[in-house]
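Read the figures in this text as sums done on the coordinates, not as results from a lab. The structure presented is a predicted model; accordingly, all values stated were derived computationally and were not measured. Reconstructed Cβ throughout: ideal geometry from the backbone, glycine too, with neighbour counts over all protein chains shown.
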Amino acid sequence: MFNDQRKEPGVDEALVLNEARSQLGRFSRRRFLQQLGTLGGLSLLTGCSISDDANIEKALSRVSKLNDTAQAWLFDPQRLAPTYLESQITRPFPFNAFYAENKVPVVVADDFRLEVTGRVAKTAAWTLPELNALPQAEQITRHICVEGWSAIGRWGGVPFAEFLQRIGADTSAKYVGFMCEDNYFTSIDMASALHPQTLLALRFDGQVLPPKYGYPLKVRVATKLGYKNPKHVRAISVTNIYPGGYWENQGYNWFGGS
Amino acid sequence: MSVSVPDVPQEQIKRPAEKRPTIHPVWLRLTHWLNALAVVVMVGSGWQIYNASPLFGFRFPSQITLGGWLAGGLDWHFAAMWVLFINGLIYLVLNGLGGRFWRKFYPLSLRGVVKDTAAAFQGRLSHADPKCYNQVQKLAYLLVVVDLVLLVLSGLVLWKSVQFPLLAALMGGYDSARFLHFYSMLFLVGFIFIHVLMVLLVPRSLRAMIRGR
């Protein structure tokens with residue numbers, strides 16, 4: 001079970017890593033601010049002194065939160081992401097993670113349990129056969145990375161709205177958070193979680209989800225950027241407390257819609 | 001001239017002795033400089049974003065990119081986009097409502113552009129009346145406005161391709177919107193290069209854009 005005693009060390013580890021990474025990010029931002037001088041007078045125009053990087057950062061993250069609101073407003077819960085033909089699938093589909101392909105976590109099918117916590121009626125963990133027995137859907141959609149590249153893939157699995165209903169989730173809650181086997185974590189808004197194309201993906205391109213694409217379980221959100229599509233998902237929580245995310249906590253926009 | 005803006009007649013009353021009419025009303029100067037600021041931030045941060053996944057076999061040197069890393073570049077880009085968009089909207093609305101577009105850019109002909117371009121290269125292009133754009137200026141300024149609209153629209157497709165399906169289809173899909181966004185950035189940078197060069201050659205045009213006359 002996903003109880004607090006087990007959860008705490010994992011979360012702390014992630015926090016420490018994030019702190020270290022954001023420190024690194026801060027240094028490169030400082031470097032940028034020194035470089036800003038080469039843009040000639042820009043700092044004068046904005047009225048910010050070069051040492052004010054903390055204020056600039058604060059202002060930018062405030063705008064990023066504003067952009068979350070703007071994206072939630074633009075998001076149409078019924079509008080479907082474009083779907084594609086099988087011939088349009090990108091082959092080979094790119095591997096992408098915050099680590100190299102040989103570091104992909106190894107998950108043993110029989111040992112796997114999907115944990116469910118938070119504002120849900122049924123907190124029982126799910127085995128893979130149980131998930132495979134639920135109604136399944138399939139989609140061929142475009143995966144868009146925050147870096148700009150995109151790739152078309154074919155995902156199959158349980159419609160996430162269906163799963164949320166089965167666990168008796170409080171769908172008036174704000175967030176759905178995901179914890180992964182590789183210590184990745186992210187969260188999405190409830191409206192996107194309930195979107196008809198959001199899947200608890202168990203298959204890729206008609207096969208059991210391969211390790212490099214997130215075995216045994218990936219959350220496919222066709223209306224969001226790649227970093228909002230967690231792989232190797234081991235725990236799902238429905239919550240009103242902002243869960244943040246691995247990249248989001250380092251400065252990436254939280255909503256990450258497409 | 002935009003009579004609806006109170007600053008214009010006021011300034012004329014204040015300085016009747018100068019007898020120099022306002023070339024650029026205050027709203028135009030404000031939108032011009034806000035746009036310039038937004039464009040510098042958008043281009044610098046855009047190059048940072050480009051570097052995360054280059055479309056071609058090169059990256060922009062980090063000295064001329066904004067944001068330090070991808071997330072920083074994105075934060076700058078998606079902050080300055082509001083300035084570019086809202087300021088651009090104000091510019092278009094005021095130009096349209098006041099009829100300034102028509103007065104400034106009509107007439108414009110291909111023959112006129114060719115004639116004025118030839119004259120410019122022979123150093124014979126007159127700047128006697130700074131209120132009047134020559135044919136090359138008219139074409140360049142109109143094209144850069146269209147280019148900025150194209151940048152915003154293709155950017156909208158990149159930012160929210162699912163939410164703007166019609167726009168995405170018009171751009172030929174997500175991937176071609178990336179190229180369109182890049183090429184219209186190139187056009188904009190090319191324009192800025194020539195624009196700044198011309199300002200250096202005709203410094204009083206800079207004074208007109210700052211002081212209004």
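Rounded, prolate or oblate: which fits segment A:139-258 when a ≥ b ≥ c are the square roots of the eigenvalues of the alpha-carbon gyration tensor, with rounded for a/c under 1.5 and prolate only if a/b beats b/c? Here segment A:139-258 falls in the rounded category.
Put a dot 7 Å past the Cα of A:Glu138, heading toward its Cβ, do the same for B:Leu97, and the two dots end up 5.6 nm apart. Computed log10 I(q)/I(0) for segment B:68-188 at 0.19, 0.22 Å⁻¹: -1.08, -1.22, from the Debye equation with unit scatterers placed on every C-alpha and solvent omitted. Measuring against 24 Å, Cα to Cα, the residue pairs A:Lys65/A:Lys103; A:Lys122/A:Lys212; A:Lys122/A:Lys174 contain A:Lys65/A:Lys103; A:Lys122/A:Lys212 as the ones spanning a longer distance. Placing pseudo-labels 7 Å out from each Cα toward the beta carbon at B:Tyr141 and B:Ile86 gives an inter-label distance of 2.6 nm. Cβ-Cβ distance of A:Ala191 and A:Tyr99, R₀ of 25 Å, FRET efficiency by 1/(1 + (r/R0)^6): the value works out to about 0.20. When only alpha carbons are used to place a centre, segment B:78-132 and segment B:141-213 end up 14 Å from one another.
Where q = 0.17 Å⁻¹, what log10 of I(q)/I(0) comes from the Debye formula for chain B, counting one point per Cα? For chain B at q = 0.17 Å⁻¹, log10 I(q)/I(0) is -1.28.
Does a label point 7 Å from the Cα of A:Ile89, set along Cα-to-beta-carbon, have any residues of segment A:118-156 with amide nitrogen under 16 Å, and which are they? Only A:137-143, A:151-156 fall inside the zone, counting backbone N under 16 Å. Axis of helix B:135-159 versus longest Cα principal axis of chain B: the two differ by about 30°, to the nearest ten degrees. With R₀ set to 60 Å, the beta-carbon distance separating A:Ala151 from B:Ser126 gives a calculated FRET efficiency near 0.60.
Each of B:Ala119 and A:Asp110 was given a label point 7 Å from its Cα along the Cα-to-Cβ line. The distance between the two points is 8.9 nm.
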